[in-house]
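The values are calculated or read from the model by the stated rules, or taken from the named source; none is laboratory data. Fair warning: this is a prediction, and the values are worked out from it, not measured in the lab. Note that we place each Cβ from the backbone using ideal geometry, even for glycine, and neighbour counts take in every protein chain shown.
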Amino acid sequence: MTQPDFDAVVVGAGFAGLYLLHQLRSRGFSVRVYEAGSDIGGTWFWNRYPGARCDVESLEYSYQFSDALQQEWDWSEKYATQGEILSYVNHVAERFDLRRDIQLNTHVEQAIFNEDDDYWQVSTKDGDTVTARFCIMATGCLSSTNVPDIKGLEIFKGATFHTGNWPHVEPDFEGKTVGIIGTGSSAIQSIPLVAEAARHLHVFQRTPSYAIPAYNGPYDPAYVKDRKENYATYRERAKNSRSGFLLSINEENATDCNAEEQQRVYDERWRRGGLTFLGAFNDLLTDKQANDTAADYVRAKISDVVDDPEKARLLSPDTVIGCKRVCVDTNYYQTYNRDNVTLHDVKTDPIEEITERGIRYGNREIELDEIIFATGFDAMTGALLKMDIRGRGGISLREKWREGPKNYLGLAIAGFPNMFIVTGPGSPSVLANMMPAIEHHVEWIADCIDHLRTMKQRCIEAQPDAEENWVRQTNEIADRTLFPTCNSWYLGANIPGKPRVFMPYLGFQRYLEECEQVVADGYAGFTLA
Ligand code: N01
C-alpha cells in the first residue's frame, strides 16, 4: 500500500489555514499548507482597499486558543484596520513558527481522491503533485472575487481595481476622476476615503445598503484591561450566543413595544454603533412588521445626514434590514454632501457598457480615469468550485453541487472522504463571528483526525442521508427568518446562474451543540473505515 507524502494538505493560509497547521502539527501530524497569495493572511492579505477594516470588535476578532497570545497582543482600535490585522497574522505565524510548512505563490488546481489507498492527490498550477491522507480546504468564504460581465470591460483605457484583489502599491487617486461600481460593505468603507483623494468620485449604485455608524476609536485601556483579565468569561459568553460574539440581543420584541419605546431602544443602539443595532429587538429578523420599524429608523437617519433629498431617497434601501449584511461605516452618508461625489442610479438605468473612456448608462457616458469594482464575491462556494475536486468514482464537486452545496455540518461532503472544509456552506461562518467559528471547526477536524489515528482507521466520509438532513435543517432554520426574502450573497443570488440555496447555518450555539452530539454519538452520520 502506498503511503501518502503528508498526513494533511491544507489549502489556504488565512486564519483557518494557519490554525489548522498549528493544531495538526502540535498533534504530531505532517502538514503542508499551500497558499495562492505571495504572503499569508487570506482575506486580510487581499482586501487592502482604502478604509478596509473589520466590523467585529478587535478583542473578539482574534484567536483564543492561546491565552499567552491573547495577553501579549494589543489592539489599538475598536475596529482594527486591515494593516493591523495583517500584522497580527504575521505575529501569530512567527510566534508559532508556522512559515516553514507554508508554500506561498502556490495555486492548488486539482485534488483527486485515490480510492484504493484512501488519500488525496493534490496538484498545483506549477505542475507539482503531492499526496496526503486528508485534504482540508481553508479557502475562505469571500475569496473568489466577482467581476460582473459588463460589455466593453476589456477596452477601458484607464486602470481598474477590485476591492477584493487590491494592488500592493496603493493607487494614487489624486487629481483623478474615479468610478466605483457597487455599494456593499467594501464600497461603503472605501468611498469616503477615495472621495477625499480623488478629483471626482462617481458612485454607481444598483441597490443601496443599510449602514450603521462604527464610532470607531482608540481602545480605552481600562476596557482592555478588564477584557484581558476576564477573557475566559467573555469568550465563554460569546460561545453561548447566537452569533459567537458579544452582541447583546434585547429579548423584547419590537412588536410588543410602542413607538416611543422603540425609538428609545434604537437611539441607544445607534449611539453604540456597529452590528449591535440589529440586536435592538428579538424579532427584527423574524417579523417583517418589526423589521420595518428598524428600517424606518435607519432611513430617517439617512435623511438627517444627506442634504439633498433626492440623494437621500436613492441611498435609502427599501429592503429588509439585516437580510443582506448590514454595513458599518465611518462618514459614508456624509460623503454624499461633498461637491466632488456624484451618485448614479444604475438600478433604474443599468450600466450598458464600459467604453474606452468610462461607463455608459441611461444614454450618458460618464468619463472616468479609473474604475473600482466593489462588486463582491462568489461567496462560500466560489473558491472551492474553481478547483477541480474529484471524489469517489471520479465525481467532481462541481457536478455534485450543481443544485447547491450539499454537505454535512458544513465540514464534510458525501462522496469526498477525508476532505474537510472550514467555514464553508452549512457552517455558521459568515453569520457568526468568523474567529470562534474557525477555531471550532479546526479543533473539531483535528480531534476527528486524531480519533481516526487512535482507532487505527484511515477513512471518514459523510453519509448521504446525514448530508440531506443537514441541508434541510439549514434551510428550515433560515425559512423561519426573513433572510431568504432578499437577493443576498448568502443565497448565491449575486452570481448569475448560481443555485439559490441559503448557505450559512443560523445559530452558533446550536451549531456547536449539534457538532458535539455527533462526536458523542460516535461520529453519527459519518462512515469510518
Ligand atoms: O460585496 P457585496 P462587498 N452593476 O456583494 C454591486 C464582507 N465584508 O465586497 O446588491 C452594478 O456586499 C451590488 O449590487 P446589488 C461582508 O460580509 C466585510 O461589499 O447586487 N452593481 C452590491 O452593491 C460583506 O457582506 C467587511 O444590486 C453591481 C455590490 O456590487 C461581504 O464581504 C468589509 C453589479 C457588491 O456588494 C461582501 O461585501 C467588506 C453590476 N453588474 C466586506 N454587480 C467588514 O468586516 C454587483 N454590483 C467591515
* Please work out if T348 is of a type in the set (S, T, N, Q), buried (at least 24 other Cβ atoms within 10 Å of the Cβ) and modelled with pLDDT of 95 or more. => no
* Asked: Would you call L98 in contact with a strand residue (DSSP E or B) (Cβ under 6 Å, 6 or more places away or on another chain) and crowded, with 20+ Cβ neighbours inside 10 Å?
  -> no
* To do: Give me the pairs, please: first residue somewhere in segment 427-446 and over 21 Å from T381 (Cβ atoms), second residue anywhere and of a type in the set (D, E, K, R) and part of a helix (DSSP H, G or I), beta-carbon distance under 8 Å, and either six or more positions apart or on two chains.
  => P436/R235; P436/K239
* Asked: From the list M387, M380, which one is buried (at least 22 other Cβ atoms within 10 Å of the Cβ) and of a type in the set (A, V, I, L, M)?
  -> M380
* To do: Would you check if there is a residue in segment 397-404 being crowded, with 22+ Cβ neighbours inside 10 Å and either among the polar types (S, T, N, Q) or under 18 Å from the mean Cα position of the chain (by Cα) (or both)?
  => no
* Asked: Within the group L201, L193, which residue is assigned to a helix (DSSP H, G or I) and surrounded by 16 or more Cβ atoms within 10 Å (Cβ to Cβ)?
  -> L193
* Structure fact -> Exception for T106 within (1) exposed (fewer than 15 other Cβ atoms within 10 Å of the Cβ); (2) under 25 Å from the mean Cα position of the chain (by Cα); (3) more than 16 Å from the ligand (Cβ to nearest atom) falls at (1)
* To do: Assess whether I445 counts as being within 23 Å of G42 (Cα to Cα) and crowded, with 20+ Cβ neighbours inside 10 Å.
  => yes
* Asked: Consider Q517 against the criteria (1) part of a helix (DSSP H, G or I); (2) among the polar types (S, T, N, Q); (3) within 16 Å of the ligand (Cβ to nearest atom): it satisfies all of them except one. Which criterion is unmet?
  -> (3)
* To do: Output the residues belonging to segment 174-190 that are crowded, with 21+ Cβ neighbours inside 10 Å and more than 13 Å from the ligand (Cβ to nearest atom).
  => V178
* Structure fact -> Residue pairs within 6 Å by beta carbon, gap of at least six or interchain, first lying in segment 6-35 and over 10 Å from T139 (Cβ atoms), second at pLDDT below 95 and among the β-branched types (V, I, T), listed first then second, are none
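Matching residues to (1) within 30 Å of D479 (Cα to Cα); (2) part of a loop (DSSP other than H, G, I, E, B); (3) in contact with an Asp or Glu (Cβ under 8 Å, 6 or more places away or on another chain):
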site: L314; (1), (2), (3): yes, no, yes
site: D318; (1), (2), (3): yes, yes, no
site: I321; (1), (2), (3): yes, yes, no
site: R325; (1), (2), (3): yes, yes, no
site: Q334; (1), (2), (3): no, no, no
site: N337; (1), (2), (3): no, yes, yes
site: T342; (1), (2), (3): no, no, no
site: E365; (1), (2), (3): no, no, no
* Could you say whether any residue in segment 338-350 is basic (K, R) and within 15 Å of the ligand (Cβ to nearest atom)? -> yes
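Conditions (1) out of contact with any helix residue (DSSP H, G or I) (no Cβ under 8 Å at 6 or more places or on another chain); (2) free of Cβ contacts under 8 Å to residues at least 40 places away in the same chain; (3) over 25 Å from T485 (Cα atoms); (4) basic (K, R), marked per residue:
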{"position": "V224", "(1), (2), (3), (4)": "yes, no, yes, no"}
{"position": "K228", "(1), (2), (3), (4)": "no, no, yes, yes"}
{"position": "A238", "(1), (2), (3), (4)": "no, no, yes, no"}
{"position": "Q263", "(1), (2), (3), (4)": "no, yes, yes, no"}
{"position": "D267", "(1), (2), (3), (4)": "yes, yes, yes, no"}
{"position": "G273", "(1), (2), (3), (4)": "yes, no, yes, no"}
{"position": "G279", "(1), (2), (3), (4)": "no, yes, no, no"}
{"position": "D283", "(1), (2), (3), (4)": "no, yes, no, no"}
{"position": "T293", "(1), (2), (3), (4)": "no, yes, no, no"}
* Asked: Of the conditions (1) within 16 Å of the ligand (Cβ to nearest atom); (2) assigned by TED's automatic domain parsing to the domain that holds W73; (3) more than 21 Å from the chain's Cα centre (by Cα), V89 fails just one. Which one is it?
  -> (3)
* Asked: Say we look at segment 491-500 and pick out the residues that are within 17 Å of the chain's Cα centre (by Cα) and more than 9 Å from the ligand (Cβ to nearest atom); which of these is nearest to W470 (Cα to Cα)?
  -> L491
